Every structure is written in structure tokens, then in C-alpha cells.
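The values are calculated or read from the model by the stated rules, or taken from the named source; none is laboratory data. What you are looking at is a predicted structure, and each value in this text was computed from that prediction instead of being measured. Virtual Cβ from ideal backbone geometry, glycine too; neighbours counted across all protein chains shown. Areas reflect the complete protein model, heavy atoms only, side chains present, ligands, DNA and RNA absent. Shrake-Rupley method; radii C 1.70, N 1.55, O 1.52, S 1.80 Å.
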Amino acid sequence: MSTNKPIKNSYKIALVILVVVALVGGYFGLKFYKTYFAPNVTGKEKYLYVKTGYVFEDLVTDMRYKDILNDIGTFWEAAEKMNLQGPLKPGKYRLKEGMNNRTFINMLKAGNQEPVKLKFQNIRKIDGLAALLAKNLEPDSTAFIKLFDSAAFVEQYGFNTDNVYTMFIPNTYEMYWNTSPKEFFKKMNAEYVKFWNADRKQKAAALGLDPIKATILASIVDAEALYDKEMPTIAGLYWNRLQKGMLLQADPTVIFANGDFTVKRVTGAMLGADSRYNTYKYVGLPPGPINMPSINAIDAVLNKQDNNYLYMCAKEDFSGYHNFAATVQEHNINAKKYREALNKRNIFR
């Protein structure tokens, strides 16, 4: 009787066991890989926006609707094992095609969101700024407007609801998508304080202005000047008028007072607008800016040209430059040239 048969059977059993172990191990190994390390982000969306107050179920619903993941099931399993639970950290998260669940979940848990580069300039009114903010940040425009219109809030920073727009210095700023209106305001105030350094404050004081009044004047200068090189001249002209107690008679303020920004030429009917922004009717500066003036315009006011000009009129060559005058007589000659040029071109506005 052969003794090799039991040995052969033992080998067969061991082999079967090894195969089973290998298969089971392979299965679980593959499952582990798919759950944590297999590419899963589709690349169909560039960013994932996690709103304030979102919980895991909200996140999954959003990702399913936007087709962000190839396999939502493996993400769910990995998220449970990695404790991605409860309220999530809000933010704007960059998605990379092929990102695996482990990397994705770690990013969300750490709150490693991508900052937003927010650029604003040449915005006429504060509601326009609010609309721009709402396009780039989580809060809606109403939330920003409500804060800007809160007298109690803006007074804490030395402004009122008319002049608070002078606080916003046009530039490019970096902040997080889920920045709240109050956080945004606080950051902008810090930038305002930084901008109005000792040198700028000293120059404003020498003109009898503070930062708010200098910015309001700059908004008029910015609206009048097509070219930056004319800004110091125009600033000098309006400063001369302020010193003499004359009406500024700045057409852009009348347009602002009437609220029709399609107008290219102010007419007699518009001059009667009963608004503190109508500088044909009220002496001195308006209560607030008529736009968000550029930094160049603000610095043009602080470094105004010393001149004796009191009047300005568009040049008759339609270059966008102005003819300046110190007397009414000189101004009338310049105005006549411009009117005649309009008539020649058959321009009626």
C-alpha cells in the first residue's frame, strides 16, 4: 500500500487553500484599491462648492447631480471609514480629473479650498459691487447690500451709508469663497487703512480734505477724465471751485442724480434734479462718491495741479481731452468751438 497518496492529498488541499486565499486576498485588495486609490473624479466640473451648513448627504446629492464621481458608492464607503461626517467645511475646492477618494476626502476634511481672486474696478454704484461679490463668493447680493445699508454697522468703521463706498479701494484681492459679508467688510477696511497711509493722509489734510472727501472728489475727477494724464489738472480745477464756494457743476454728478447712465450729454431738464448729488444745485461735494474712483484718480486729487482754472469743456477735435479756462469769457470761447464742431458733425445729443 502506497504512503504517497495522503501526502498528495495534503498538497492538493494546501494548493486549494492558497488559491482561495489568493482569490479572497485579491478580491479584498482590489476592493481596497477601488475604495481608496482608484481614480474616481470625472473632470466634468472644475470646482466643488460646499455651501455653509452642508452635511454629507447634501454633498453626495450635489456630486451625483453634477456627475462629479465615476463611482459614488466607493466614495460613500471611503467617507464613512475616514469619518467624513457631520457639518462639512464650506469652500471652493478644486477638482482634478482622476483624483482618488482618499485624496478627495482628505482635502475636504482639511478644508483645503482654493482662494478666490477678486478684482473690482470701474463699478459705478455699491449695488454693482454687491452683484460682483455674489458672482464670486457664497453670500448673495442681498446679504452684502443689507450690511452696506446698515448705519449701525458702518458707523463702527467711521462711515455712513452715503459715503461707505469710499472705503473700497479698487484692486485685486484674494479671499475664500465662503467669506461672509462681515469678513469681507473687515478685510476691505484693513486694505483701506493700509492704503490711507500717513503720506496720503497728510496730503489730504493739506488740501482741507479727509480720506472720505478726497475719494468723493476723486470719483468726480475719474468720471470727467478720459485720460489719466488730465486728472491732476481737473482735480486742481474742482479744488479751486471748492475753495471759492462755487458750484462744482460737474455733469457726471447730474447724471448720477438722475439715475440714467445712458445719457452722454446733460440737458437743461436734468439740471433741476433735487438731489444732493446735483452739483449744479448744491454747493460743495456730494454726500458720497458717484463711482468707485481708481487709485490714479485718488492720487491725482492728493497731488493736484496748482492752476487757476475754474472751467473746462471738451475739445472740439473730439480727442477726449479738454480745454481749460480761468474766466467765463475764455470758457465761452471754448464752448462755442465745441458746439460748432458738434453742428458740423450733425451731432444732436
* Asked: Is segment 128-136 home to any residue that is at pLDDT 95 or above, of a type in the set (S, T, N, Q) and open to solvent by 30 Å² or more (accessible area, probe 1.4 Å)?
  -> yes
* Pairs, first in contact (Cβ under 8 Å) with a residue 60 or more places away in the chain in segment 145-170, second basic (Lys, Arg) and not in a loop (DSSP other than H, G, I, E, B), C-beta under 9 Å, six or more apart -> Asn163/Lys213; Thr166/Lys213; Ile169/Lys194; Pro170/Lys119
* **When residues of segment 113-127 are limited to those that are surrounded by 15 or more Cβ atoms within 10 Å (Cβ to Cβ) and among the basic types (Lys, Arg), the one farthest from Ser219 (Cα to Cα)** => Lys125
* Asked: Can you find even one residue in segment 115-137 that is farther than 14 Å from Tyr176 by Cα and either touching a Gly at 6+ places or on another chain (Cβ under 6 Å) or among the hydroxyl-bearing types (Ser, Thr, Tyr) (or both)?
  -> no
* **Lone qualifier among Phe185, Phe195 - being touching a helix residue (DSSP H, G or I) at 6+ places or on another chain (Cβ under 7 Å) and either open to solvent by less than 30 Å² (accessible area, probe 1.4 Å) or among the hydroxyl-bearing types (Ser, Thr, Tyr) (or both)** => Phe185
* Asked: Does segment 172-230 hold any residues that are of a type in the set (A, V, I, L, M) and more than 22 Å from Tyr157 (Cβ to Cβ), and which are they?
  -> Ala206, Leu207, Ile220, Val221, Ala223, Ala225, Leu226
* To do: Read through the list (1) in a helix (DSSP H, G or I); (2) in contact (Cβ under 8 Å) with a residue 24 or more places away in the chain; (3) over 18 Å from Leu217 (Cβ atoms), then give the number of the only condition that Met270 fails.
  => (2)
* Criterion: under 29 Å from the mean Cα position of the chain (by Cα), touching a residue at least 60 places away in the same chain (Cβ under 8 Å), surrounded by 13 or more Cβ atoms within 10 Å (Cβ to Cβ) and not in a loop (DSSP other than H, G, I, E, B) - qualifying residue of Ile298, Ile290, Ile255 -> Ile298
* To do: From the list Arg241, Arg345, Arg276, Arg265, pick out the single residue that is among the charged types (D, E, K, R) and open to solvent by less than 20 Å² (accessible area, probe 1.4 Å).
  => Arg241
* To do: Filter segment 27-43 down to residues that are assigned to a loop (DSSP other than H, G, I, E, B) and at pLDDT below 95, then give me how many there are.
  => 1
